[in-house]
Amino acid sequence: DTAVSQTPKYLVTQMGNDKSIKCEQNLGHDTMYWYKQDSKKFLKIMFSYNNKELIINETVPNRFSPKSPDKAHLNLHINSLELGDSAVYFCASSQERWLVYEQYFGPGTRLTVT
Amino acid sequence: GENVEQHPSTLSVQEGDSAVIKCTYSDSASNYFPWYKQELGKRPQLIIDIRSNVGEKKDQRIAVTLNKTAKHFSLHITETQPEDSVVYFCAAPTGGTSYGKLTFGQGTILTVHP
């Protein structure tokens, strides 16, 4: 009964490859997010979707493309992977209540680019 | 700009002592201030939050205080235990009503010595 799940948990790949990370939430939330946590543990938002519509798009290279087939799923596709993409990627979801979005995180995907 | 500053970056206390972590924010429209903890290799987990219409909130050994005038909020942990030794993150919404865009602080590594 995991609330926010991600696959895969670990991803090791070579530079130049293309890879995808999948996220699913069963909380009935309308909004989903992708965060990147670098080696210094800094958490930074990348994208957010609300009801399948892109809402937040931070300064992220075009090689990163999110896709939301429905409001319970938000996937992240990364083209032409670079060494600097190595990080832990967290998916999160939230539901607006009284103008507040309480966010719940998935378990993370540790991406290592060699 | 949108900024959340968190201090200290590391905090070392003796078991049973109190620990205080402080954050300042710049977006005066911020209305919600969550605190997350993150164990090594795990997801960020919401531990307590406070809305902007409240000055203090308590939940057993943890409490959060908010000073909207000074734009800072703090996490207080009393009677610390070794299992409190994890990384703590504060966050604040930034960017107006951008569907819960959270900016995170840099994190505080708390170490509780037995």
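As an exercise: evaluate A:GLY16 against (1) open to solvent by 40 Å² or more (accessible area, probe 1.4 Å); (2) of a type outside the set (Asp, Glu); (3) farther than 25 Å from B:GLU39 by Cβ; (4) in a strand (DSSP E or B) and give the number of the one condition it does not meet.
If we test A:GLY16 against (1) open to solvent by 40 Å² or more (accessible area, probe 1.4 Å); (2) of a type outside the set (Asp, Glu); (3) farther than 25 Å from B:GLU39 by Cβ; (4) in a strand (DSSP E or B), just (4) comes out false.
Listed here are the residues, each with its yes/no results for (1) open to solvent by less than 60 Å² (accessible area, probe 1.4 Å); (2) in contact with a Ser or Thr (Cβ under 6 Å, 6 or more places away or on another chain); (3) of a type in the set (Asp, Glu).
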site: B:ILE50; (1), (2), (3): yes, no, no
site: B:ASN53; (1), (2), (3): no, no, no
site: B:GLN60; (1), (2), (3): no, no, no
site: B:SER85; (1), (2), (3): yes, yes, no
site: B:TYR88; (1), (2), (3): yes, yes, no
site: B:ALA92; (1), (2), (3): yes, yes, no
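Within the range B:94-114, track down each residue that is open to solvent by 20 Å² or more (accessible area, probe 1.4 Å), of a type in the set (Val, Ile, Thr), over 13 Å from A:ILE45 (Cα atoms) and within 14 Å of another protein chain (Cβ to nearest Cβ).
Listed by number, the residues that qualify are B:THR97, B:ILE109.
Among the residues of the range A:99-114, which ones are more than 7 Å from every other protein chain (Cβ to nearest Cβ) and either among the basic types (Lys, Arg) or part of a loop (DSSP other than H, G, I, E, B) (or both)?
Correct list: A:ARG110, A:THR114.
Give me the pairs, please: first residue somewhere in the range A:1-23 and within 13 Å of A:GLY108 (Cβ to Cβ), second residue anywhere and open to solvent by 100 Å² or more (accessible area, probe 1.4 Å), beta-carbon distance under 8 Å, and either six or more positions apart or on two chains.
Going by the 8 Å Cβ cut-off, the qualifying pairs are A:GLN6/A:LYS22; A:THR7/A:LYS22; A:LYS9/A:ARG110; A:TYR10/A:ARG110; A:LEU11/A:ARG110.
Could you tell me which numbered condition A:PHE42 fails, if it satisfies all but one of (1) more than 10 Å from every other protein chain (Cβ to nearest Cβ); (2) without any contact (Cβ under 8 Å) to a residue 24 or more places away in the chain; (3) hydrophobic (A, V, I, L, M, F, W, C)?
Checking A:PHE42 against (1) more than 10 Å from every other protein chain (Cβ to nearest Cβ); (2) without any contact (Cβ under 8 Å) to a residue 24 or more places away in the chain; (3) hydrophobic (A, V, I, L, M, F, W, C), the one that fails is (1).
Run down B:TYR25, B:TYR32 and say which single residue is touching a Phe, Trp or Tyr at 6+ places or on another chain (Cβ under 8 Å) and either exposed (fewer than 14 other Cβ atoms within 10 Å of the Cβ) or away from chain A (no Cβ under 14 Å) (or both).
On inspection, the qualifying residue turns out to be B:TYR25.
Is at least one residue of the range B:6-21 β-branched (Val, Ile, Thr), within 25 Å of A:ARG110 (Cβ to Cβ) and in a strand (DSSP E or B)?
Yes, the range B:6-21 contains at least one residue that is β-branched (Val, Ile, Thr), within 25 Å of A:ARG110 (Cβ to Cβ) and in a strand (DSSP E or B).
In the range A:94-112, which residues are touching a Lys or Arg at 6+ places or on another chain (Cβ under 9 Å) and open to solvent by less than 10 Å² (accessible area, probe 1.4 Å)?
Correct list: A:VAL100, A:PHE105, A:GLY106, A:GLY108, A:THR109, A:LEU111.
The values are calculated or read from the model by the stated rules, or taken from the named source; none is laboratory data. All values derive from a computational prediction rather than experimental measurement. When we count neighbours, we look across all protein chains shown, and the Cβ atoms used for this are built from the backbone with ideal geometry, even at glycine. Protein only, heavy atoms only, side chains kept; ligands, DNA and RNA dropped before computing areas. Shrake-Rupley method; radii C 1.70, N 1.55, O 1.52, S 1.80 Å.
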